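Read the structure below first, then the notes.
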Amino acid sequence: MAREDRAGVELSVTFVDNGVMNELNRQYRGVNAPTDVLSFNLEDDLDDQLLGEVIIAPAVALSQADEQGVSLADEIKLLLVHGILHLLGFLHDTNSEALIMERRQEELLTYFSNHRRPHEV
């Protein structure tokens, strides 16, 4: 079950090349190919403030951005939000789960795009 009631937690975001992503995907998902994003929940009894790690492959993101006709920055934002939602318990194993996750993903992306802080001078 998804838990969004978290405040003051930390997460790690790591960008890796396709070789590293391929190895992680093979090791943890049994898929011998790079993927766009992986999430690893790192919470344990010792450190409840560490939510987890989101790992993104920029080369895969760039390919997907080109296919979708969006910028690399927008694709990275999507992957980051997607990865964080997984850390919060969202899944997309069924159609209903996927619909819920996609809806929340779009809500968050819209919120963040409408609430950008101006660059400080």
Can you list the residues of the range 3-37 with backbone N under 12 Å from a point 7 Å past the Cα of residue 50, pointing along Cα to Cβ? 10-12
Given q = 0.17, 0.28 Å⁻¹, what are the Debye log10 I(q)/I(0) values for the range 13-78, with equal point scatterers placed on the Cα positions and solvent ignored? -0.64, -1.11
Under 15 Å from the Cβ of residue 93, count the other residues' Cβ atoms, weight Lys and Arg +1, Asp and Glu -1, and hand me the total. -1
Given R₀ = 35 Å, FRET efficiency for residue 7-residue 102 by Cβ-Cβ distance, to 0.05? 0.90
Contour minus Cα-Cα distance for residue 112 and residue 41 (0.36 nm per residue): 23.2 nm
Set of the range 6-31 residues, backbone N closer than 18 Å to the point 7 Å along the Cα-Cβ line of residue 68: 14-16
Likely footprinting exposure, 101, 21, fewest C-beta neighbours within 10 Å first: 101, 21
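Where a number appears in this text, it was derived from the coordinates with a stated rule and is not lab data. Note that this is a predicted model, so its numbers are computed, not measured. Cβ atoms come from the backbone with ideal geometry, glycine included; neighbour counts cover every protein chain shown.
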